[in-house]
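Let me begin by presenting the structure, written as structure tokens, before commenting on it.
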Amino acid sequence: MSAPVIAAEGLSKWYGQIIGLNDVTFEVPPGITGLLGPNGAGKSTFMKLATGQLQPSKGRIAVLGQTIWGNPSLYFRIGFCPEQDAFYERMTGLEWVAALVRLNGADETSAAGAARRALGLVDLLDAADRRIGAYSKGMRQRVKMAQAIAHDPELLILDEPLAGMDPLARRKTIRMIKEWGREGRSVLVSSHVLHEIESMTPNILLINQGRILAEGNVHQIRDLIDEHPHKVYVKADRTRALARELLAQEDVLSLAFEGEAVVVQTSKPDAFYARLTELAASGVHGAIHEVTSPDDNLQAVFEYLVK
Amino acid sequence: MMEGRTAPTVAASALRVFDLSLGQMLWSRRSVFLAILLGAPVLMAVAIRVLGARLGPIEVNGRAVNGAAVFGLMIWLLYIRFIVPVLGVFYGTSLIADEIDDKTITYLFTRPIRRSAVLLGKYLAYLASTVLLVLPSVMLVFFLVVPTGEGSLGAAFPSLLADFGMLTAGLIAYGAVFAFVGARLKRPLVAGLVFAFGWEPAALLLPGYLKRLTVAYYLQALVAHERPQDSPIGMLLQVFREVPPVGTSLISLALIVGLALWAASRAVEGREYVLEQ
């Protein structure tokens, strides 16, 4: 059996009185692994421990066989895409990614080349010379991905990478992550949407309230989640026309407008996402800019699981 | 995989962080504050110049005060005792804090460079941005104020160069001290303000050795201006009369800077930064 890319042993993290992660022991195997849990479950805490931003309160965590805290040389081998929507807004996408690659020791020319390649992979080359401040939500997600992959790491750690992406970028990112895995690299990707994770990998770690509930292939969880209505927030050029079309579908249980977006409740998320991607590709209702899913779907499943 | 995976040295990493940070710092929220802070002495200098042209030179106790003496007083009381510590407090304490508030620290701390290099790079960016903005302000004040009261620009020019050196030394020293405060404390701004405007003025007025625990004590040895005697200005400057030799001051300032940056680096290397969710 191959050595795990991440190994946690009795790992705990607490912030004062608040427990972020509670005595977890598990291994993340090579390949693609999904970390699934609702907001506040401990996903981000675990990712921060795995990227050496936090020090364990108890226990230990090894990444690629080494302790990560205080070991900056390990970051040559790791790419991290954080959850927060934070950037140097005045820089262009190209300047920003290249500047970060330079911190990996690359000279100016090779950093610019690596940045261009990474921006190309996330389909952002056309906007490379635009200021990040002028990017849409989906473009910001993609430029964040670009900085994570630009230095060609062995292990990618992605915290909610699909949040806010439009359906086409989402499909492309999922393909890219799968391709990454096929090339023999490892990816740990977190999400609170099972369908997102499932489209990338069957290998899932379920986390809730700071504990790992289950790991491995979790088809049963998938069956469970299908019993719960799934909410999706969609922002498009012509939201009302899109809503009319969606409402005609059998699986759409309800629709509600929130500003310029529509919140759809569906009983068949897989079919819904597939149809949304087709609609985005056809452009029949203009561009679809943002698709997000609140975590109350998954929360319902977890409440059921931990009863 | 990318070739040539050699970690850059701390100095090279710091320079790359400097490149990344300089523009951010110059266009940060603090820039407006910096402009107001540095614009105020220039406005005062304009007022002195206009009033001097209309009403004649400034007089104290019936005696005309030379423009160079007024400039010297402005340098000491406005720049060294107020503007430089304020810049040090507001910029120095925020070197890392700004990245935390903006949630961009993650990108810097997940690269194969030491955290101390991030701190040093941002400290260098602070120095470059403040020095490049303070010195033009001083130069404008010099050209506006020194010619009043029959002052001579040519005669006063060497002291301007010395003032540049002193202000730069002040920015270096205060920046390093407050970088340490920022790296070590959770609410560094309050502690920094208490140090700069509570502890320092008080310690300078107290007899004994306490004044040696201030930055201002060593900076005052670098003041190049002659202090006018037998005038309120002279009396005011008497307060700062006890000064160490220039060599001792420079060595002491270098030690303060070295020690503060070392301690700040240690603090940054060992501290966890938890971003607000």
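Taken together, the values in this text are just the output of simple stated rules run on the coordinates, not laboratory data. What you are looking at is a predicted structure, and each value in this text was computed from that prediction instead of being measured. Reconstructed Cβ throughout: ideal geometry from the backbone, glycine too, with neighbour counts over all protein chains shown.
With the biggest extent put first, the Cα atoms of chain A measure 55, 53, 38 Å across the principal axes.
From the square roots a ≥ b ≥ c of the eigenvalues of the alpha-carbon gyration tensor of the protein assembly as shown, which class results: rounded (a/c under 1.5), prolate (a/b over b/c), or oblate? Taking the square roots of the gyration eigenvalues as a ≥ b ≥ c, the protein assembly as shown is prolate. Relative to the dominant Cα principal axis of chain B, helix B:10-26 is inclined by about 60°.
Computing Rg and the Kirkwood Rh from the Cα coordinates of chain B gives a ratio, Rg/Rh, of 1.03. With neighbours defined as other Cβ atoms within 10 Å of a residue's Cβ, the residues B:Phe33, A:Phe76, A:Phe257 order from fewest to most as A:Phe257, B:Phe33, A:Phe76.
Only DSSP H runs of four or more residues enter the estimate; each adds -39500 (n - 2.57), and after division by the residues of chain B the mean residue ellipticity at 222 nm equals -20500 deg cm²/dmol.
Listing A:Asp129, A:Asp237 from fewest to most neighbouring C-beta atoms within 10 Å gives A:Asp129, A:Asp237.
Take every DSSP beta bridge whose two residues both sit in the protein assembly as shown; close to 70 percent of them are antiparallel. If R0 is taken as 22 Å, the Cβ-Cβ distance between A:Lys137 and B:Asp19 corresponds to a FRET efficiency of 0.20. Remark: for residue pairs A:Lys13/A:Lys178; A:Lys172/A:Lys235; A:Lys43/A:Lys144; A:Lys178/B:Lys122; A:Lys13/B:Lys103; A:Lys13/A:Lys235, the C-alpha separation exceeds 27 Å in A:Lys13/A:Lys178; A:Lys178/B:Lys122; A:Lys13/A:Lys235. Against the longest principal axis of chain B, how steep is helix B:153-184, in degrees 0 to 90 to the nearest 10, with axes from Cα atoms? It is inclined by approximately 40 degrees.
Sorted ascending by nearby beta carbons within 10 Å, beginning with the fewest, A:Met47, B:Met74 become B:Met74, A:Met47. With R₀ fixed at 30 Å, the C-beta to C-beta distance from A:Asn71 to B:Ala11 puts the FRET efficiency at about 0.90.
Taken along the Cα-to-beta-carbon direction at a fixed 7 Å, the label points for A:Gln17 and B:Val246 span 6.0 nm. Ordering of A:140-153, B:45-58, B:177-190 by packing is A:140-153, B:177-190, B:45-58, highest average first (other Cβ atoms within 10 Å, averaged per residue). Counted residue by residue at 0.36 nm each, then reduced by the alpha carbon distance between them, the extension gain from B:Ala64 to B:Val32 reaches 7.9 nm.
The calculated FRET efficiency for the pair B:Ala155 and A:Arg117, based on their C-beta separation and a Förster distance of 60 Å, comes to about 0.45. Peptides A:229-235, B:151-157 ranked from most to least packed, by the mean per-residue count of other Cβ atoms within 10 Å: A:229-235, B:151-157. Entry note, region A:6-223: relative contact order of 29 percent, from Cα contacts under 8 Å with a spacing of 6+ residues.
Using a 10 angstrom Cβ neighbour count of at most 16 plus a DSSP loop assignment to flag exposed GluC sites (Glu not before Pro), which longest range of chain B is free of such sites? Longest gap between qualifying sites, sites excluded: B:4-225.
Sparse packing (at most 16 other Cβ atoms within 10 Å of the Cβ) combined with a DSSP loop state is found for the following chymotrypsin sites (Phe, Trp or Tyr not before Pro) in region B:193-224: B:Tyr209.
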